[in-house]
1. Condition first: surrounded by 11 or more Cβ atoms within 10 Å (Cβ to Cβ), part of a loop (DSSP other than H, G, I, E, B), at pLDDT below 90 and charged (D, E, K, R). Can you find one or more residues in region 35-45 that meet it?
2. If you take the residues of region 74-132 that are exposed (fewer than 13 other Cβ atoms within 10 Å of the Cβ) and in a helix (DSSP H, G or I), which of them is nearest to the chain's Cα centre (by Cα)?
3. Here is a list of conditions, (1) outside any helix (DSSP H, G or I); (2) out of contact with any helix residue (DSSP H, G or I) (no Cβ under 7 Å at 6 or more places or on another chain); (3) at pLDDT 65 or above, and Arg66 meets all of them except one; can you say which number that is?
Amino acid sequence: MGAMEDFLRLLGLTAHDDLPRPGGAGRPAPRAPAMAPAAAPGRPAAPAARRRRLEQTLRRLPDRYRDRLGLADLRPVMRAAAGERWDTAVDHLVAALCRCDAPITAAERQELRAVLRALDRPTDRVDALPRR
């Protein structure tokens, strides 16, 4: 199971993680059509849909921490997100939370870890943040 699937399952965007993967062992996965239909109930969303949901989640992250971080701390996060540089945006966000010693809830901590894993970024700085 990849980090992206972990993140999406955490957000409740996939229904089953026990479904067989396309292609199987040693065979390439079939290419999805350019205009893939919406996922059927009980089936994972297409990779493009998953990527869109991840991007939507990432765009909302700065607003969640607006009450604990000032505009000067959020500006680089929003600038990177506007340029769709998601790894940079999340790195700036976590750095600002650490610098400000901003407390986060268990759910926020879990979400940040999942986002960082989906982006292949280290999660150790999230563990150091104070609990809310």
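1. The answer is yes, given that some residue of region 35-45 is surrounded by 11 or more Cβ atoms within 10 Å (Cβ to Cβ), part of a loop (DSSP other than H, G, I, E, B), at pLDDT below 90 and charged (D, E, K, R).
2. Once the filter is applied, the top-ranked residue is Ala107.
3. (2)
The values are calculated or read from the model by the stated rules, or taken from the named source; none is laboratory data. These numbers were taken from a predicted model, which means no experiment stands behind them. Counting neighbours? That spans all protein chains shown, and the Cβs are built from the backbone with ideal geometry, glycine included.
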